[in-house]
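Have a look at the structure below, then the notes.
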Amino acid sequence: MIPMTLPEIAEVVGGTVHDDAGGTVGGPAFIDSRVAEQDGLFVALAGERVDGHEYAATAVGAGAAAVLASRPVGVPAVVVDDVMAALAALARHVVAALPDLTVIGLTGSQGKTSTKDLLAQVLSRAGRTVATFGSFNNELGMPLTALRADASTRYLVLEMGARGIGHIRELCEVAPPHVGLVLNVGKAHVGEFGSQEAIAQAKGELVEAVVPGGTSVLNADDPLVSAMASRTREAVLTFGEAATSDVRIEGLATDEMTRASFDLVTADDRARVSLRGLGEHQAGNAAAAAAVALAVGLRLRDVARWLSEADNVSRWRMEVHERADGVTVLNDAYNANPDSMRAALKSLAEIGRGRPGARTVAVLGEMRELGASATEEHDTVGRLAVRLDIQQLVVVGEPARPIHLGACLEGSWGGESVYVDDNDAALAWLREHLSAGDVVLLKASRAAALEQVAEALLTETPEMGEAGR
């Protein structure tokens, strides 16, 4: 954050100063008093269970310079009527005060965080980069990320999520993007939006918000995304496997762990990329990141090299862990939707094919926010698992039961698909039945917390069941 006194902050956000000790806020804004930022601004939010105002003194005592609050808190503070609105106003002011800053917004139904992580690692090679932490991509997380930018920041990468029409437009008003990237329009959140067309309408708000002279980066392989070109008068750069793509994927192949290698091809250059992350679908994420990097002036050969050196930095996204007994755990439990579930199952099947004698085990939970299509989509996942010859399916929780039923109807028999009530039951089943060499995938929507099962599998001493003895 750029250094600001409390009176300066108050003028920007329309607040009043209380208990000012004459200090300056020079560190980032934050909301957790347990991890106070030195000279930062503690944002006191009043939630249903926790009121941040009660921790204001703790935050200042731990190093914060001041508090943004809705009432006086006995320590240096700027008091406003609406803390969230004030936070957005402050972020908007800071971004506007950094003329050398390039703002990149990205959205999509799936792959946002993986693409953001790749892009941030590439851009950081060219200049100081601030990027969204994890999936902190809403009306709270985005301003907090923007307020981490300062005079030394060259690139600000902002992941943008939406729960309805107008949400992305509001986020873009806080940080108008110089580059807007739309990855895809899938079925995630169709329960909230009602249709994929409505999702496309919401995601396309990012394209409409790109500043004059900026660039929209669009997926040429997704018709709902490529059609967004009509929603801007600014430059458009496309990526994908389609022959018309400005940044094209060619020669795509995967190794035994499904790590993708391919050429990135433009009108005048070509460069080879070999990714470290798992899954063929990561090639599209990398091409998207490359297109953004080219849009801000980087060279293709540098971008390809930096993509090849990028790591998986966000947790619970196709993390690979090897147990001492030879069991491989693929922890992809952060979130799930029909498209990402298909990609994960295909990766599991391919890994299994590269390990003769190994058994593939998919532990799957609920996919949320699918609305009226929830039963059908879960059923389809179960059928796909059978078609991919996943050798063992463990379905967790009543909302996910249609996965089990779909697998059974598709032709699973003899216990190849089992249903369990909860995570404890899933863990108990795995403890009893896992064998040396098994490859286990865990995936579900965030609320299912399947990462707890994955972590238990990795932290407990393996005790082989009858199948493993």
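The values are calculated or read from the model by the stated rules, or taken from the named source; none is laboratory data. Only a predicted model underlies this, so the values are computations on that prediction, with no experimental measurement involved. Cβ atoms come from the backbone with ideal geometry, glycine included; neighbour counts cover every protein chain shown.
Things worth noting here:
- Selection from region 278-309 of residues that are surrounded by fewer than 24 Cβ atoms within 10 Å (Cβ to Cβ) and farther than 18 Å from LEU183 by Cα: GLY297, LEU298, ARG299, LEU300, ARG301, ASP302, ALA304, ARG305, TRP306, SER308, GLU309
- Any hit, region 416-438, residues being crowded, with 19+ Cβ neighbours inside 10 Å, charged (D, E, K, R) and not assigned by TED's automatic domain parsing to the domain that holds GLY277: yes
- Scan of region 401-437 for residues that are assigned to a loop (DSSP other than H, G, I, E, B) and at pLDDT 95 or above, ordered by number: ASP421, ASP422
- Helices (runs of 4 or more DSSP H) within region 129-222 that include 3 or more residues of a type outside the set (Gly, Ala, Ser) and closer than 30 Å to MET4 by Cα: 141-146, 167-174
- Considered as a group, the residues in region 370-388 that are aliphatic (A, V, I, L, M) and in a helix (DSSP H, G or I) include one that is farthest from GLY354 (Cα to Cα), and that residue is ALA372.
- Residue in region 320-331 that is under 22 Å from the mean Cα position of the chain (by Cα) and under 28 Å from ARG163 (Cβ atoms) present: yes
Conditions (1) within 18 Å of PHE30 (Cα to Cα); (2) at pLDDT 95 or above, marked per residue:
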{"position": "ALA131", "(1), (2)": "yes, yes"}
{"position": "ASP150", "(1), (2)": "yes, yes"}
{"position": "LEU156", "(1), (2)": "yes, yes"}
{"position": "ARG169", "(1), (2)": "no, yes"}
{"position": "VAL182", "(1), (2)": "no, yes"}
{"position": "LYS187", "(1), (2)": "no, no"}
{"position": "VAL217", "(1), (2)": "no, yes"}
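- Search result, residues across region 1-35 that are closer than 18 Å to LEU140 by Cβ and surrounded by fewer than 14 Cβ atoms within 10 Å (Cβ to Cβ): ASP32, ARG34, VAL35
- Any hit, region 175-185, residues being among the aliphatic types (A, V, I, L, M), more than 25 Å from ARG301 (Cα to Cα) and either surrounded by 19 or more Cβ atoms within 10 Å (Cβ to Cβ) or in the same structural domain as VAL236 (by TED's automatic domain parsing) (or both): yes
- ARG125 closer than 26 Å to GLY164 by Cβ, modelled with pLDDT of 95 or more, touching a helix residue (DSSP H, G or I) at 6+ places or on another chain (Cβ under 6 Å) and not hydroxyl-bearing (Ser, Thr, Tyr): no
- Helices (runs of 4 or more DSSP H) lying entirely in region 1-118 (those with 3 or more residues that are modelled with pLDDT of 95 or more, in contact with a strand residue (DSSP E or B) (Cβ under 8 Å, 6 or more places away or on another chain) and farther than 23 Å from ALA151 by Cβ): 56-61
- Checked against the criterion of being over 22 Å from THR328 (Cβ atoms) and either in the same structural domain as VAL327 (by TED's automatic domain parsing) or touching a Cys at 6+ places or on another chain (Cβ under 9 Å) (or both), region 446-457 contains one or more residues that satisfy it.
- Qualifying residue in region 107-118 (condition: buried (at least 24 other Cβ atoms within 10 Å of the Cβ), in the same structural domain as LEU156 (by TED's automatic domain parsing), of a type in the set (A, V, I, L, M) and touching a Leu at 6+ places or on another chain (Cβ under 7 Å)): yes
Table: residues versus (1) assigned to a helix (DSSP H, G or I); (2) at positive phi; (3) of a type in the set (Asp, Glu); (4) out of contact with any helix residue (DSSP H, G or I) (no Cβ under 8 Å at 6 or more places or on another chain).
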| position | (1), (2), (3), (4) |
| --- | --- |
| TRP306 | yes, no, no, no |
| ASP325 | no, no, yes, no |
| LEU330 | no, no, no, no |
| LEU345 | yes, no, no, no |
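- Of all residues making up region 119-160, the number that are surrounded by 23 or more Cβ atoms within 10 Å (Cβ to Cβ) and touching a His at 6+ places or on another chain (Cβ under 9 Å): 1
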